[in-house]
4 protein chains.
Amino acid sequence: MLNVTVWNENRHEQKNPVVRDIYPEGIHGAIANFLKEDQIEVKTATLDELEHGLTAEVLTNTDVLIWWGHLAHDEVDDAIVEKVKKRVLEGMGLIVLHSGHFSKIFKTLMGTSCDLKWREADDKERIWIIDPSHPIVDGIGEYIELEKEEMYGEHFDIPAPDELIMMSWFEGGEVFRSGCTYQRGNGKIFYFRPGHETYPTYHNKEIQHVIKNAVHWAKPVNRSYPVYGNAKPLEEIKAK
Amino acid sequence: MLNVTVWNENRHEQKNPVVRDIYPEGIHGAIANFLKEDQIEVKTATLDELEHGLTAEVLTNTDVLIWWGHLAHDEVDDAIVEKVKKRVLEGMGLIVLHSGHFSKIFKTLMGTSCDLKWREADDKERIWIIDPSHPIVDGIGEYIELEKEEMYGEHFDIPAPDELIMMSWFEGGEVFRSGCTYQRGNGKIFYFRPGHETYPTYHNKEIQHVIKNAVHWAKPVNRSYPVYGNAKPLEEIKAK
Amino acid sequence: MLNVTVWNENRHEQKNPVVRDIYPEGIHGAIANFLKEDQIEVKTATLDELEHGLTAEVLTNTDVLIWWGHLAHDEVDDAIVEKVKKRVLEGMGLIVLHSGHFSKIFKTLMGTSCDLKWREADDKERIWIIDPSHPIVDGIGEYIELEKEEMYGEHFDIPAPDELIMMSWFEGGEVFRSGCTYQRGNGKIFYFRPGHETYPTYHNKEIQHVIKNAVHWAKPVNRSYPVYGNAKPLEEIKAK
Amino acid sequence: MLNVTVWNENRHEQKNPVVRDIYPEGIHGAIANFLKEDQIEVKTATLDELEHGLTAEVLTNTDVLIWWGHLAHDEVDDAIVEKVKKRVLEGMGLIVLHSGHFSKIFKTLMGTSCDLKWREADDKERIWIIDPSHPIVDGIGEYIELEKEEMYGEHFDIPAPDELIMMSWFEGGEVFRSGCTYQRGNGKIFYFRPGHETYPTYHNKEIQHVIKNAVHWAKPVNRSYPVYGNAKPLEEIKAK
């Protein structure tokens, strides 16, 4: 059994009727719904809950954390960010969606500004698969087409991904590294671009399929966090 | 159900009683035995069989191919090597063990000489885990220690691995990239260093555990091989 | 002083007046002309010369080899390809241009089919810079725009590049990994996409600038090729 | 002309006569001395200077910054760290030496704990070259041997390096990724392991040679920092 927590800022849904119409249960609710299956236990957590819903107990029991945020990155408590980071280094998987590129947790794990270009103009997007051997694209064709999405364009100020799995084409002339993996400590991270709040992107079956695949890919390895610090004296080793 | 074929040159076993004593059923038999479990169907194939045991039917029905060879790399038929390569690009996983670094199939997939340093002198080996987040090292501690093994040392003339998972330390003063992954086409490749024929390395439980993990990791994605060639005319695209 | 050899198939120029008009001195002549500067000595070589112009002496004295081919990949002698490969592993830089993706030398160094999608339809191309820190893009802006080019689209069946420096956007809806580096042995390889023979791409100042940068980047390191084979006995090491 | 600033904590030198004897001008002085050549202008800066010697003017005029710290990482002002990070993202090269793995600047650029194993026991170290094609190892043989050094061992909690150039072997049984490159924004970073303060490591000619090579490799590209934010409207693009 895999324990997934879907974290959402949940602010657009409160003030923008367009977003609320698309995601009546919130973006977190929509994602939680399609993730539910026999092998996955899904919970949600949102910004305005106590400790943003990410208590020590919740984090300890989370195998994979999904993160969607946009308006209120600055309201996320630094102490919570540190706890999430510690859990990623221990092995918890982290899936960062769309505008989560500017979240504190993603920026602190990347070490860069994570800045990019953007345009809200109903661009057509084609997400091309660049690494056809990766489990995250199992069952996906050559590309995923989204009729309308917010454009995100290069340069995307991230470290070179460990694996670059997808690359977006936008009608207006831009490209973007849309599916990127990283390892940090014992943990695996997947950044996945699509999902602007005013489009029904998380209702798209192929997008759902990628996120499901990513959840399985990001699950923790069964290993203790490495031992650091002062090692056994050489004399003792030599004496053996 | 995962279909695994263990390929072995099976020549040392015929002429060297030391090797035969360690692996009475051959190296392929030993590996096949520990791989058998509910989710895995294991077959073996050897050099002296017709088409080296790798007929079109066998290859089509193999999800992951394991390769051990040493003395007789040159006797492997070029046409069979081409068929194996084609299957890797289509998605079949490939696990290359120890002296398989000099096999035709590994060299043609790498594009380099795959040369290295070696010494048969009962070196102690410690295989350190470098990427603690990788599914191939799930359940493995900080390192695997082998009391005696053949030394393989850098420089190992391979392309920079997509993922470097393990690094060996040898008593005599050398290091070696011992666990390396590559993707080629739709296929995943894992090179794993240990396993000289005169040591009981494949009876070691941790080595067995790594190979089992690798088999699961290397399983094919469910995707058709990409479409290549002349693409849809732009006029047609523009007309839409 | 850096010794550069520009190799060109030089066949389109003989039969197609459009190509001859654009490149009256051949594609090799055009590239050689813009590369000439104080620190670079440039020679050319073509398919129909003896040994394709790539004699042992020429190869030994070449620091960086540039390769353009298209119609006649199969006419390149396998023995010459082996000699070029040997020199790359020894340290010679190799820059593969455009349709050279299907050359024997590139395919044997990559280990994959190097296949791709293509379309001759005057697509607009934008080559976006993905790695802004790389010396190959020194002096280049955010992207290079080519009004008309042949389209090359993913999936491009290559190993994941060591460094992905550029990514092309095409008007018709495709993306492509257009600037890729690899190391093989002591040698550095750069694949650079643009340059279909019926467009004046190699007269474009930015394209020229990238190729110049690449020549400097690809220059050999001053190192002997690594020592391989049977290493010093452990007893001798222990005795010290 | 390349402007290099060598930053050193400069505390061991004040309190430990062993260190002072080895480095009478400080570690920074020793490094500055061997870097001086026709094409390089070298300055030094230390922790106890105003703004740690890293004023806005100094940083603006630094092409490559070298960093050695150990005892007093916590005394480095967060605001200075932020300024250094901003300069790296703009293009300044950064070379982090030995115990600098735990510096604030390295940790914030890596996003991980940067923790490791260590032992002060006069281990013999062999730094093997893993990537023989890299300019940082130009002129270096198969390995560099240091008779006595502090041991640093895996697991080293860093992101997978963009390029892994060197790997250390230690007498006591450990391995370590000793030469690692990263790109962050427009900037290039090189981590180089050796240099414990009680050993004369920075007087070793090969170690000096590597650091010199690294300085040239890390020099900034001539590019403006990418443009981020709201991009040109699609309508405007479509209207063209």
note = Distance in Å, no decimals, from the C-alpha centre of the stretch B:129-185 to the one of the stretch A:114-148 is 34
ask   = Mean separation of Cα pairs under 8 Å and 6+ residues apart, divided by the residue count of the stretch B:152-196: what relative contact order is that in percent?
value = 33
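Hey, can you find the accessible area per residue of the stretch C:134-174 for me, probe 1.4 Å, expressed in square angstrom?
23
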Pairs of alpha carbons in the stretch A:144-240 whose separation is greater than 23 Å (percent) = 45
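How much FRET efficiency would the formula 1/(1 + (r/R0)^6) give for residue D:148 and residue A:20, where r is the Cβ-Cβ distance and R0 is 51 Å, rounded to 0.05? Spell out each step's value before the answer.
Values: r = 68 Å, r/R0 = 1.32.
For R0 = 51 Å, the calculated efficiency reads 0.15.
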inquiry  = Rg and Dmax in Å for the stretch B:74-121, alpha carbons only: what are they?
reply    = 12.0, 40
request  = In nm, give the distance between the simple-model label positions of residue A:122 and residue A:75, each being 7 Å from the Cα along the Cα-to-Cβ direction.
outcome  = 3.0
request  = Choose one answer from A:179, A:153, A:229: the residue with the largest mean-square fluctuation in a GNM of chain A with alpha-carbon springs under 10 Å.
outcome  = A:229
query = Relative contact order (percent) for chain B, with alpha-carbon contacts under 8 angstrom and 6 or more residues of separation?
reply = 20
ask   = For peptide C:146-153, how many partner chain Cβ atoms fall within 10 Å of a residue's Cβ, on average?
value = 1
Projected-area mean, the stretch C:69-157, by convex hull of Cα positions, square nanometres = 7.2
inquiry  = Counting only protein heavy atoms and a 1.4 Å probe, tell me what percentage of the stretch C:117-160's accessible area is made up of carbon and sulfur.
reply    = 45
request  = Using a 1.4 Å probe over the heavy atoms of the protein chains, calculate the carbon and sulfur portion of the accessible area of the stretch C:1-96 as a whole percent.
outcome  = 47
ask   = Just which residues of the stretch B:97-129 lose 30 Å² or more accessible area with every protein chain there, against their chain alone, with the probe set to 1.4 Å?
value = B:111, B:112, B:115, B:117, B:118, B:119, B:121, B:126, B:128
task = Principal axes first, then extents: for the Cα atoms of the stretch D:1-136, list largest minus smallest coordinate on each axis, whole Å, largest first.
result = 41, 41, 36
remark   = Per residue of C:208-221, other chain Cβ atoms within 10 Å number on average 1
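When the helix-only estimate is applied to the protein assembly as shown (DSSP H runs of n ≥ 4, each -39,500 (n - 2.57), divided by the residue count), what is the mean residue ellipticity at 222 nm, nearest 500 deg cm²/dmol?
Result for the protein assembly as shown: -7000 deg cm²/dmol, rounded to the nearest 500.
Per residue, how big is the convex hull around the C-alpha atoms of the stretch B:143-183? Give it to me in cubic angstrom, could you?
So the per-residue hull volume is 76 Å³.
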remark   = Hydrodynamic calc, the protein assembly as shown: Kirkwood Rh from Cα pairs, then Stokes-Einstein at 37 °C with viscosity 0.692 mPa s, so D in µm² s⁻¹ is 113
request  = Could you state how much accessible area is buried at the D-B interface, both sides summed, with a 1.4 Å probe, in Å² to the nearest 100?
outcome  = 1600
note = Per the 1/(1 + (r/R0)^6) rule, R0 = 51 Å and r from the Cβ atoms of residue B:86 and residue A:34, FRET efficiency to 0.05 is 0.90
note = Rg/Rh over Cα atoms for chain B, Kirkwood Rh, comes to 1.01
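The values are calculated or read from the model by the stated rules, or taken from the named source; none is laboratory data. Here the structure is a predicted model, which means the values were calculated and not measured. Cβ coordinates were reconstructed from backbone atoms using ideal geometry, including for glycine residues, and neighbour counts include every protein chain displayed. Note: accessible area is taken over every heavy atom of the protein model, side chains too, but ligands, DNA and RNA are not part of it. Shrake-Rupley method; radii C 1.70, N 1.55, O 1.52, S 1.80 Å.
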